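K.L.:
Have a look at this one.
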Amino acid sequence: MIEVMAPCASEILDLSLTRGKTRTIYLSRHGESLNNLYGKIGGNAELSPRGQQYAQALGHFMNSLGDPCYKVVTSTLQRTQQTAKFISAQKDIRPEIDEINAGAHDNLTYEEIADRYPVEFANRDKDKLNYRYPEGESYMDVVNRLKPVLEDLETENNLLIISHQATIRCLLTLLLNLPLAELPYLKIPLHTVIQLTISDVTGGGGSSHHGVSVEYIRLP
């Protein structure tokens with residue numbers, strides 16, 4: 001059964017959608033991976049049995065839409081591609097939507113990082129937005145590499161992006177024009193489709209802006 005989760009006030013930006021062209025973009029994290037089960041960050045783990053169940057549910061949901069999804073964009077990591085397996089649509093792979101690169105901390109748990117790299121762990125806790133993993137990336141690095149994707153989304157419709165928690169945090173922050181300080185703390189739940197309805201609104205004098213409404217759809 002599909003559960004539609006009504007976002008709280010802080011999670012929804014609902015501007016006027018009465019004028020201009022309306023488009024729909026779908027976002028989803030990959031299904032639960034084996035690294036999720038073990039609490040490890042990064043890596044290239046396969047889906048867990050529960051993640052495989054989500055892939056099937058996601059396929060059924062996307063294939064049943066009245067206005068069908070025409071393209072699915074995944075990262076280069078296998079857990080996103082496995083999540084897209086049952087969707088009947090064009091599949092594109094884009095490295096720009098890969099998970100944040102944890103560098104030397106890849107495939108470790110936060111407990112292991114705190115034990116092996118206590119100074120780095122403390123530095124990350126002080127400034128999660130700008131902290132860069134050793135030999136890896138920061139949230140701001142991810143924001144910068146997403147720019148080509150954001151440009152493409154200006155004209156896309158009925159598109160699904162299957163990506164990762166940190167990356168979707170960055171995408172939502174940019175699409176909803178949220179404060180960057182909130183970015184590292186956005187909740188991006190597993191096994192949930194985030195439906196963005198975007199209105200390209202034209203105002204007086206030919207000026208334009210985007211109105212966006214957000215709906216969270218929980219799948220089994």
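The values are calculated or read from the model by the stated rules, or taken from the named source; none is laboratory data. Predicted model only: the values in this text are computed from it and were never measured. Accessible surface is based on the protein model in full, side chains and every heavy atom, while ligands, DNA and RNA are left aside. Shrake-Rupley method; radii C 1.70, N 1.55, O 1.52, S 1.80 Å.
K.L.:
Search the structure for amide H atoms under 5 Å from the amide H of N130, placed 1.01 Å from N in the peptide plane, and list their residues when 5 or more places away or on another chain.
P.N.:
It is none; the list stays empty.
K.L.:
A follow-up question, please. So how many Lys-Lys pairs in the chain land under 24 Å Cα to Cα, not counting same-chain pairs under 8 apart?
P.N.:
14
K.L.:
Using a 1.4 Å probe on the protein heavy atoms, what percent of the accessible area of the stretch 29-187 belongs to carbon and sulfur?
P.N.:
Details: 3680 of 7680 Å².
Here carbon and sulfur together make up 48 percent of the probe-accessible area.
K.L.:
Oh, and also: Got a sec to turn the phi values of the stretch 115-132 into Karplus ³J(HN,Hα) couplings, 6.51 cos²θ - 1.76 cosθ + 1.60 with θ = phi - 60°, whole Hz, x for Gly and Pro?
P.N.:
Couplings: 6, 8, 10, x, 5, 4, 4, 5, 4, 5, 5, 6, 8, 5, 5, 9, 5, 10 Hz.
K.L.:
Run through all the Cα pairs of the chain and give the fraction in each 5 Å bin from 0, expressed as whole percent.
P.N.:
For the chain, the pair-distance distribution reads 1, 7, 14, 18, 19, 17, 12, 6, 3, 1, 1, 0.
K.L.:
Leaving out ligands and nucleic acids, note down the accessible area per residue over the chain with a 1.4 angstrom probe, in whole Å². Walk me through the numbers before you get to the answer.
P.N.:
Working: 10740 Å² over 220 residues.
For the chain, the per-residue accessible area is 49 Å².
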